[in-house]
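Read the structure below first, then the notes.
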Amino acid sequence: MRRTAITMTGAALVVILGLGAGAASAQCTGDCGGDDSVTVDEILTMVNIALRNAAVTACAAGDANADGAITIDEILTAVNNALNGCTAQEIRAFYATLKARAEGHDVEGFLALFAKDYMHHGSDVSQIDIPVVLPTIQTFDFTITGIVIAGDTAQVSGTGTVTFNNGRPAESWAEPDTTGDGPGFGWLKKTADGWRIYGDQVRADAYLMTGHNTSPGDDHYFFRARTESSQPITSVIFSGPGIPDTALTPDPRWGGFTAFAAPSSPTGVGTEYSFTINFADGTQQVLHDTVKSWVPTAPSITITPGEGTATFRWTDVSPSVPGASYYWLEVQDDRGDLWQLDDLPLTRTSAVFNEDGTAQGVLESGKSYVAAITIFDQYDDYAYQRLDFTMP
Ligand SMILES: [Ca+2]
Ligand SMILES: [Ca+2]
């Protein structure tokens, strides 16, 4: 309707005088009066200026690039603001600033665009590695497809794409990012300093993986529940169908909190489990994750010990594992991890102890060890087989 009004302006040119240059302080193109909204009257004023029926001082806020003239693109921006509100323009400008600071490798300036109480899936701003990643950014683009404003917060949907100057493949992501993988650029909050990245305010990341132990004589399915957070946590309870409520405990190997729980039988894909997280400050959040897959089978492993080394061979079961992603070989002694090969391609079916020189010890004659081969799928759900072996 407001667009129609503009096409009629030729018949209704009204010069509105007396709106001072003070309105130029408004960020909103076309908001001649500085009240944070653009009205049809204000657009008519801009049209009059463009037709030279009025001085640009009649609507300094319409002259977005301050060149003393009002052009069609400035009128179109004002129309957009009339339709979508001035806040949308502020938010678009915010992402332009984000892009400029990212591509300018301005670490301090980029960090300043995060709210002080930013929190996204358990990560605060110190945990998203901006000082490390920003200098490697070539281009940073964010295409906005929608803005929903609620009070002093905004939920922005769109797509971000980043390219890198160090050969790392380009990355794209969608906002709102509900997976927790991204930094939560789609959640904004208006602070005294302007719009800032706020994150989803979820104070922990909680996720459920499924496991399947296929070791001889010990074939069973289980859940591996994990939480991670930048916030101190006092306790986490994992609960849902088929398992007793299970307390997570601090995970010395991977950090965060972990628990294993075995259902009597695998629950269906999509079954929801909850994580009741009690934070040290007395607050609580309940997060959820669902069963995404069960890996039906693990490779069979055979071990051929030799003089100070061992050869591990396994069957490639990836054709019978939907979304199979990679293998992982681990060797442990009685103290724990001795050697591991991570993220092995599915074409690999053998390895020789310490072929990459990363073992934390040697295989000693007469001692017993454990080897495990694990296959992971696209969700990091997994199945493994373990075997003991004794060195000759
Ligand atoms: Ca106005
Ligand atoms: Ca202009």
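The values are calculated or read from the model by the stated rules, or taken from the named source; none is laboratory data. As the structure is a prediction and not an experimental result, all values here were calculated from the model. No Cβ is skipped: glycine too gets one built from the backbone with ideal geometry, and neighbour counts run over all protein chains shown.
Here is a list: GLY85, GLY62. Which entry is more than 11 Å from ligand 2 (Cβ to nearest atom) and not charged (D, E, K, R)?
On the way: GLY62 fails: more than 11 Å from ligand 2 (Cβ to nearest atom).
Of GLY85, GLY62, the one residue that is more than 11 Å from ligand 2 (Cβ to nearest atom) and not charged (D, E, K, R) is GLY85.
Matching residues to (1) of a type in the set (A, V, I, L, M); (2) within 30 Å of GLN138 (Cβ to Cβ); (3) touching a Gly at 6+ places or on another chain (Cβ under 7 Å); (4) surrounded by fewer than 19 Cβ atoms within 10 Å (Cβ to Cβ):
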residue: ASP35; (1), (2), (3), (4): no, no, no, yes
residue: VAL40; (1), (2), (3), (4): yes, no, no, yes
residue: ALA55; (1), (2), (3), (4): yes, no, no, yes
residue: ASP63; (1), (2), (3), (4): no, no, no, no
residue: THR71; (1), (2), (3), (4): no, no, no, yes
residue: ASN81; (1), (2), (3), (4): no, no, yes, no
residue: ILE91; (1), (2), (3), (4): yes, yes, no, no
residue: LEU98; (1), (2), (3), (4): yes, yes, no, no
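Evaluate region 177-199: report whether one residue or more is closer than 30 Å to VAL40 by Cα, of a type in the set (Val, Ile, Thr) and surrounded by 18 or more Cβ atoms within 10 Å (Cβ to Cβ). Checked region 177-199: no residue is closer than 30 Å to VAL40 by Cα, of a type in the set (Val, Ile, Thr) and surrounded by 18 or more Cβ atoms within 10 Å (Cβ to Cβ). Anything in region 31-64 that is within 12 Å of ligand 1 (Cβ to nearest atom) and assigned to a loop (DSSP other than H, G, I, E, B)? List them, or say none. Result: ASP31, CYS32, GLY33, GLY34, ASP35, ASP36, SER37, VAL38, THR39.
I need the full set of residues from region 368-383 which are over 29 Å from the mean Cα position of the chain (by Cα) and either under 17 Å from THR210 (Cβ atoms) or acidic (Asp, Glu) (or both), in order please. Write out each step before concluding.
Step one: list which residues in region 368-383 are over 29 Å from the mean Cα position of the chain (by Cα), which gives 368-373.
Passing the criteria: only ALA372.
Pairs meeting the criteria (first residue in region 231-245 and at pLDDT 95 or above, second residue among the charged types (D, E, K, R), beta carbons under 7 Å, at least 6 apart or on different chains) are ILE237/ASP245; SER239/ASP245; GLY240/GLU272.
For the subset of region 156-174 comprising residues that are part of a strand (DSSP E or B) and without any contact (Cβ under 8 Å) to a residue 24 or more places away in the chain, which member is surrounded by the most Cβ atoms within 10 Å (Cβ to Cβ)?
First, pick out the residues of region 156-174 that are part of a strand (DSSP E or B): 156-164, 171-174.
Subset that is without any contact (Cβ under 8 Å) to a residue 24 or more places away in the chain: 159, 161, 171-174.
On the way: THR159: 13, THR161: 13, GLU171: 12, SER172: 11, TRP173: 17, ALA174: 14.
The extreme case among them is TRP173.
Looking at ILE375, ILE303, just one residue is touching a strand residue (DSSP E or B) at 6+ places or on another chain (Cβ under 9 Å), β-branched (Val, Ile, Thr) and under 20 Å from TYR221 (Cα atoms), and that residue is ILE375.
Restricting region 223-237 to residues that are polar (S, T, N, Q) and surrounded by 21 or more Cβ atoms within 10 Å (Cβ to Cβ), the residue that is nearest to ALA262 (Cα to Cα) is THR227. When you scan region 257-272, do you find a residue that is touching a residue at least 24 places away in the same chain (Cβ under 8 Å), under 20 Å from ASP380 (Cα atoms) and charged (D, E, K, R), even just one? Yes: one or more hits.
The number of residues in region 65-79 that are farther than 14 Å from CYS28 by Cβ and within 16 Å of ligand 1 (Cβ to nearest atom) comes to 1. Within region 90-101, residues that are within 15 Å of LYS189 (Cβ to Cβ) sit with their Cβ atoms under 8 Å from residues that are in a helix (DSSP H, G or I) and among the hydrophobic types (A, V, I, L, M, F, W, C), at 6+ positions apart or across chains, in these pairs: LEU98/PHE110.
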